[in-house]
Amino acid sequence: VLPDRIGIVTSPTGAAIRDMLHIIERRWPGREILLVPVQVQGDAAPQSIAGGIRLLNQFGGVELIITGRGGGSLEDLWAFNTEVVARSIFDSQVPVISAVGHETDFTIADFVADVRAATPSAAAELAVPDRQEMVRYIQNLKTRLVRAVSEKLLTSRRRLEAISTRRVFERPVDIICGVQQQALDQLALR
């Protein structure tokens, strides 16, 4: 399912948000993206992240939430290991992709989210399919469908031709009534 409205809860600065926006726009242009800028490290970060997730749930029409940040030290990522962030993800009515850090980084948020992405860029790729790939896939399905219908028609036509050459179709009255006529003739002779 292609989400029309995607909410992103992350820091408004840095490469992670730029990369996510670029990837989403390149893969399927025209998606509405709601950016909720939050603090992603420091003492206020857990409440800020949790508040952003709750805000997107209340906003309405958001079909997918991506939350996370680029890599960093364990201390930099710690906000995503807090109970308040984990509960906000768990309580979210909107599916959440956790995109915290790099491939080797894991946080509690990753285990609570609906999907864990190895990086913010990977989250953007998970969020929307590649339009060109989908066009190729649909074209392939169309070709296969046309071929299957053509083969079914050809098989049915051959079967109809084979059936129509049977004696019952060439001389139906003789075949259908012939046996009855013969029985009638026998009765008349008696």
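Points worth noting:
- Against the conditions (1) touching a residue at least 60 places away in the same chain (Cβ under 8 Å); (2) surrounded by fewer than 21 Cβ atoms within 10 Å (Cβ to Cβ); (3) small (Gly, Ala, Ser), Ala99 satisfies every one except (2).
- Verdict on Ser11 being of a type in the set (S, T, N, Q), closer than 23 Å to Ile108 by Cα and open to solvent by less than 30 Å² (accessible area, probe 1.4 Å): yes
- Test: residue in the stretch 104-119 that is at pLDDT below 95, touching a helix residue (DSSP H, G or I) at 6+ places or on another chain (Cβ under 6 Å) and under 22 Å from Arg54 (Cα atoms): yes
- Residue pairs whose Cβ atoms lie under 9 Å apart, separated by 6 or more positions or on different chains, with the first residue in the stretch 61-78 and open to solvent by less than 20 Å² (accessible area, probe 1.4 Å) and the second of a type in the set (S, T, N, Q) and not in a loop (DSSP other than H, G, I, E, B), are Ile65/Asn57; Ile66/Thr10; Ile66/Ser98; Thr67/Thr10; Thr67/Ser88; Thr67/Ser98; Gly68/Thr10; Gly68/Ser98.
- Residue in the stretch 149-171 that is modelled with pLDDT of 95 or more and aromatic (Phe, Trp, Tyr) present: no
- Screening the stretch 129-151 for residues that are open to solvent by 70 Å² or more (accessible area, probe 1.4 Å) and of a type in the set (S, T, N, Q) and picking the one that is farthest from Ile24 (Cα to Cα) gives Asn140.
The values are calculated or read from the model by the stated rules, or taken from the named source; none is laboratory data. Keep in mind that what you see is a predicted model, and the values were worked out from it rather than measured. No Cβ is skipped: glycine too gets one built from the backbone with ideal geometry, and neighbour counts run over all protein chains shown. For the accessible areas, the whole protein counts, side chains as well, though only heavy atoms, and no ligand, DNA or RNA atoms are used. Shrake-Rupley method; radii C 1.70, N 1.55, O 1.52, S 1.80 Å.
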